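Notes follow the structure.
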Amino acid sequence: MVRRYELSDAQWARIADLLPGKPAVGAGRSAPARSPRPRSTFRIFGFDPATTQPSYATFMERIHPEDRPSSEQALERAARERSRFQRQYRIVLPDGSVKHLQSVGQPDITASGDLEFVGTVMDITERRRAEEALRNAQAELARVARLTTMGELVASITHEIKQPLTAVVANADTGLRWLNRDKPELDRARNAFSRIASNGKRAGEVIRGLRALAKKSGPQLAKLDINDAIQEVLALTRSELQRHGVVLHTALSAADRPVFGDRVQLQQVLLNLIMNGVEAMSAITDCPKVLAITSEAVEPGGVLVAVEDTGPGLDPATADRIFDPFFTTKSDGMGMGLSICRSIIDAHGGHLSVSPRVPCGTVFRFTVPGVPSS
Ligand SMILES: Nc1ncnc2c1ncn2[C@@H]1O[C@H](COP(=O)(O)OP(=O)(O)O)[C@@H](O)[C@H]1O
Ligand SMILES: [Mg+2]
């Protein structure tokens with residue numbers, strides 16, 4: 001997926017200002033040998049500034065074959081229309097490694113009448129990797145959310161199996177109709193029956209796939225930094241918090257205190273508690289919506305994590321049932337969140353509890369033991 005960035009004039013100017021030794025002169029087309037290209041651009045493209053004076057063509061050769069035609073077109077259009085351009089593209093270095101670059105630039109006519117491109121080339125490979133890692137984490141979290149939220153699992157099984165089964169029934173009816181004619185239409189009946197077979201196979205594959213998915217989800221216990229796990233969940237929920245006008249406070253002080261657990265499951269607990277907090281505060285209009293997440297080391301050797309909201313607090317009439325499976329006070333609630341949280345924390349040998357927050361709201365706290373010494 002290629003994301004397109006549209007920069008405003010002001011943003012563009014700011015980027016240009018950030019350049020070391022700006023303005024950097026990029027690949028000049030009509031005067032390649034003369035263009036004083038910046039050393040940093042040389043290095044990004046893998047040329048040694050001391051020995052190489054690469055031409056426009058040599059620069060172009062470094063561009064990934066899939067990105068080359070569009071890069072050439074963009075440069076040509078910018079030159080023709082004297083317009084700014086910005087592009088993300090890949091280059092392939094002589095050792096075969098691929099870098100993601102972002103170029104912003106504009107054509108310029110020099111005093112001697114030559115065409116040059118003035119702009120910046122940024123190496124955004126690390127950013128791309130981070131984006132990819134985030135996407136993977138997101139997908140993993142989504143997979144686990146699907147699995148642990150029983151209702152959603154049931155819904156997805158129902159949908160995936162219902163479709164082929166509906167087709168099986170429909171084709172069986174059709175097949176029988178062709179056979180029951182005064183003069184049976186055997187070819188048409190045969191087609192209907194082969195559709196029955198393929199839909200039956202498809203339903204079987206869905207079930208096999210679900211079984212594989214469930215197997216892969218077995219807990220994977222490892223040493224982990226709870227603050228990293230919290231930060232990852234916050235990265236995923238940040239826009240959701242913003243959308244609901246919730247202010248986030250964090251005080252993560254359990255650094256240097258590794259815990260022993262299943263990262264994805266613990267993140268599922270955090271995600272459930274955060275979403276419950278956000279949902280609890282959704283009706284609040286008269287005071288600030290604040291979600292606070294804290295972590296601290298506790299003895300012997302574990303961490304304590306708290307998720308606090310400034311919502312209306314628990315309803316005393318039902319407070320003792322919130323951890324029960326399928327207990328919910330929400331019209332669209334599943335009531336599985338807290339019961340899953342509690343079983344995950346129990347399985348880790350920790351403890352999950354709830355108490356009212358003063359002056360308003362609710363605090364959920366859980367502990368996770370540290371790494372066993374043996
Ligand atoms: N932060 C909170 N503030 C107030 N009530 C809460 C909070 N978290 C959970 N609850 C109560 O506990 C119930 C069960 O929560 P949960 O197990 O997550 O199921 P669901 O969110 O689907 O209703 C909620 O319906 C709500 O009544
Ligand atoms: Mg919930």
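So the values come out like this:
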read-out: Chymotrypsin sites (Phe, Trp or Tyr not before Pro) within the stretch 308-347, DSSP loop, no more than 12 other Cβ atoms inside 10 Å; value: Phe326
read-out: At R0 = 25 Å, FRET efficiency that the Cβ-Cβ distance of Ile124 and Asp95 yields, to 0.05; value: 0.80
read-out: Net charge, Arg188 excluded, C-beta distance under 10 Å - Lys, Arg +1, Asp, Glu -1; value: +1
read-out: Rounded Å value of the spacing that divides the Cα centres of the stretch 94-108 and the stretch 275-296; value: 44
read-out: Linear extension gain, Glu240 paired with Leu186, 0.36 nm per residue minus alpha-carbon span; value: 13.7 nm
read-out: Exposure proxy order (Cβ contacts within 10 Å, fewest to most) of Asp95, Asp108; value: Asp95, Asp108
read-out: Share, in percent, of DSSP beta bridges within the stretch 252-336 that are antiparallel, nearest 5; value: 90
read-out: FRET efficiency estimate (nearest 0.05) - Cβ-Cβ, Arg77 to Ala111, R0 25 angstrom; value: 0.55
read-out: Set of aspartates and glutamates near Lys330 by C-alpha distance (under 20 Å), chain-local residues within fewer than 8 positions excluded; value: Glu152, Glu240, Glu279, Glu308, Asp309, Asp315, Asp320
read-out: Label point distance in nm, Arg68-Ala317, each placed 7 Å from Cα along Cα→Cβ; value: 7.3
read-out: Proximal charge balance of Thr362 [Cβ under 10 Å; K/R count +1, D/E count -1]; value: -1
read-out: Net +/- balance of residues flanking Val259 in space, Cβ distance below 14 Å, scoring K and R +1, D and E -1; value: -3
read-out: Net lengthening on full extension, Glu61/Glu131 (0.36 nm per residue, minus Cα-Cα); value: 22.5 nm
read-out: The stretch 222-368: Cα Rg divided by the 2.2 N^0.38 Å rule of thumb; value: 1.00
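Read the figures in this text as sums done on the coordinates, not as results from a lab. Because the structure is predicted, anything quoted here is derived from the model rather than measured. Positions of Cβ are backbone-derived with ideal geometry, glycine not excepted, and every protein chain shown enters the neighbour counts.
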